[in-house]
Amino acid sequence: MTSEQDAPPLAQLERRLGYEFRDRGLFERAVTHRSWAHEQVGPGEEERARALHNEALEFLGDSVLGLVVAEHLFRGHHDLTEGDLSRMKHQLVSTQTLAEVSSRLGIGGFIRLGHGEEKTGGRNKQTLLADSFEALLGAIYLDGGFKAATDFVLRALEDQLGEATPESAAAADYKTMLQERVQAACRVTPTYELISTEGPPHDRTFHVEVRWNEMTVKGTGTTIKAAEMESARRALEHLEAEAAGEAP
């Protein structure tokens, strides 16, 4: 029997994914970054490059992932509100979660990257790792159908799905939700600054301010991270009130 070390690279990845592809071309496309594809074509051959890289598969995988996770949460948490389910789903499909899973599976080592992306550490970039996971999921869906895609997601995210709670999702999600909302509306990223600290070393209170454009919102907490989360939560409340015409 061939060992993983002796197996062809993509066969090694299949073992890690727990899925064997029938369409090898589809599999190769799923692990091909646009930087590699553009190095293989000449000037003006954008359409040919798009046919080589995995961004369309990433788009598909993102939708499949959202459906699989949403169905799993719906079936397992009948008692939760839509808001709780949404926050848990958001945490489970976030770039951070997918990058962690992708890193554990070792996906980065199998991606075909262009020379420039390779030199800048592309294999370890969170966004690239998360995108690659989604592209592979999209390819599994096309190659094996929805059941194969579902089985892969539930297997790959087993620990994260088991640990997901409304409380953990809310705590992890405020900053992400705020960043996505502000970036979509203003094309800027919120920044956080520690503005003061009170109390003795064993019982401190931290004051943090989140800022973007002319907006500033303060939050407090017993850790800097907790204060950042609180400032993000308050900022989201302000934006919701503003959208409803209730902000002062």
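Bear in mind that the values in this text are calculations on the coordinates, not laboratory data. All values reported here derive from a predicted model rather than from experimental measurement.
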Along each principal axis, Cα extent of the stretch 167-243, largest first, Å: 40, 29, 20
Dividing the alpha-carbon radius of gyration of the chain by 2.2 N^0.38 Å (N being the number of residues), what value is obtained? 1.18
Under the 0.36 nm per residue contour assumption, what length would be gained going from the current alpha-carbon distance of Thr189 and Glu39 to full extension? 50.9 nm
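Can you give the extra length, in nm with one decimal, that the chain gains between Lys125 and Glu28 once fully stretched, where that is 0.36 nm per residue apart less the Cα-Cα distance?
Details: separation 97, 0.36 × 97 = 34.92 nm, distance 2.01 nm.
That works out to 32.9 nm of additional length.
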Taking the alpha-carbon distance from Lys225 and a cut-off under 30 Å, which lysines remain once sequence neighbours fewer than 8 residues away in the same chain are dropped? Lys89, Lys125, Lys175
Over the stretch 9-164, what is the relative contact order in percent, taking alpha-carbon pairs closer than 8 angstrom and at least six residues apart? 35 percent
Column: log10 I(q)/I(0), Debye, Cα scatterers of the stretch 53-189, q = 0.17 Å⁻¹: -0.98
